Amino acid sequence: MLNIHHLELFYYVARHGGIMPAVRNIPYGIQQPAVSGQILQLEEYLGGPLFQRRPFQLTPAGEELYEFIRPFFDGVESMTARIRGGTIQTLRLAATAIVLREHLPELLPLIHKRFPKLKLTLREGVQPQIAEWLQSNEVDLAVTVIDGKPPAGIQSQKLLELPLQLLVPKALKFKTAAEVLAQDRIAQTLISLQANEAMVKVFQDELSKRKIDWPIGMEVNSLDLVEIYSASSFGIGLSVVIPGKKAPANVKAFPLTDFPLITFGAMWQGKQNAIGKALVDLFKKRAAEVAGM
């Protein structure tokens, strides 16, 4: 007989555009090999492939099957909520580490007060990852650096603009950022986020305009690590000025006031739901408070 669980796995694969995106969105723990194996069993039972793997595309049989099962699986959560006596509201939020650690905890009591049955899924990432998750519909709302004009279909709300800064170990005798950048050849290691990060691209573009060559010497995946390794004298860190946050005792923070500002904002696809709108409004208020520190 047809295995209903196999249909459920196929639903997630078709909805999210591939096996790995499906694994990230299935609301229970299951690994990629297990999903792949069970999808193959489903295809064997039905007598043919349901989708092309690379690039992902449903076959005519896969499209027909997906259209048949989608109304049922789309409605399972709302039906469960009605049977339980209430509406489960969900939001998938992706943001940078500092947003999730420093700011969201203060906002959650306010959002839960308004939406008491909220089911919140949090995902930490860096700007390129977050943008990809949003475009592939793996998250509903993103709070991160805004890199130029958002792609088609993506809406955005500017929250805050912050200057870049260099984190210079005190063991180095520089007194200003200008002294660091005025060297004929910058000998110190640049500690930075990945080269495809928006803030790094802004920094490197400005260096290029000034005909300064300073490639990344140590690449890390969070601003916390930039701070840790610059404080440990492994090089000079590239970060942003965060209002109210002090640099470590053995680091000098040099704001790059003559460099372009970095824009942080919220992004979402299509029409924003009530939960997303309420949370963006709270982030706007929080950003105004931070800017006034």
Practice problem: Within region 43-55, identify whether any single residue is modelled with pLDDT under 85, in contact with a Ser or Thr (Cβ under 9 Å, 6 or more places away or on another chain), small (Gly, Ala, Ser) and not assigned by TED's automatic domain parsing to the domain that holds Val145, and answer yes or no. | Solution: no
Quiz item: So Arg114 clears everything in (1) surrounded by fewer than 17 Cβ atoms within 10 Å (Cβ to Cβ); (2) in the same structural domain as Asp140 (by TED's automatic domain parsing); (3) under 24 Å from the mean Cα position of the chain (by Cα) except one condition, right? Which one?
Solution: (3)
Practice problem: Just name the residue that is nearest to the chain's Cα centre (by Cα) out of those in region 1-38 that are part of a helix (DSSP H, G or I) and of a type in the set (Gly, Ala, Ser). | Solution: Ala22
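Tally time: how many residues in region 142-158 are surrounded by fewer than 21 Cβ atoms within 10 Å (Cβ to Cβ) and out of contact with any Leu (no Cβ under 8 Å at 6 or more places or on another chain)?
11
Matching residues to (1) within 30 Å of Asn137 (Cβ to Cβ); (2) among the basic types (Lys, Arg):
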{"residue": "Phe234", "(1), (2)": "no, no"}
{"residue": "Gly237", "(1), (2)": "no, no"}
{"residue": "Ala247", "(1), (2)": "no, no"}
{"residue": "Lys252", "(1), (2)": "no, yes"}
{"residue": "Phe259", "(1), (2)": "no, no"}
{"residue": "Ile262", "(1), (2)": "yes, no"}
{"residue": "Trp268", "(1), (2)": "yes, no"}
{"residue": "Phe283", "(1), (2)": "yes, no"}
Practice problem: State whether the residues of region 222-241 include one that is over 26 Å from Ala291 (Cα atoms) and under 18 Å from the mean Cα position of the chain (by Cα). | Solution: no
Exercise. Of all residues in region 179-214, count the ones that are within 21 Å of Lys246 (Cα to Cα) and free of Cβ contacts under 8 Å to residues at least 60 places away in the same chain.
Key: 3
Quiz item: Given the conditions (1) free of Cβ contacts under 8 Å to residues at least 60 places away in the same chain; (2) surrounded by fewer than 18 Cβ atoms within 10 Å (Cβ to Cβ); (3) under 24 Å from Ala266 (Cα atoms), which single one is not true for Val139?
Solution: (2)
Quiz item: Does Gly265 satisfy being in contact with a strand residue (DSSP E or B) (Cβ under 7 Å, 6 or more places away or on another chain) and within 28 Å of Lys175 (Cα to Cα)?
Solution: no
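May I ask you to verify whether Ala266 is within 27 Å of Val180 (Cα to Cα) and aliphatic (A, V, I, L, M)?
When the stated conditions are applied, Ala266 does not pass them.
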Quiz item: For the subset of region 264-293 comprising residues that are under 25 Å from the mean Cα position of the chain (by Cα) and in a loop (DSSP other than H, G, I, E, B), which member is surrounded by the most Cβ atoms within 10 Å (Cβ to Cβ)?
Solution: Gln272
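The values are calculated or read from the model by the stated rules, or taken from the named source; none is laboratory data. Just so it is clear, the structure is predicted and the values come from calculations on it, not from any experiment. With ideal geometry, Cβ positions are generated from the backbone for all residues, glycine too; neighbour counts draw on all protein chains shown.
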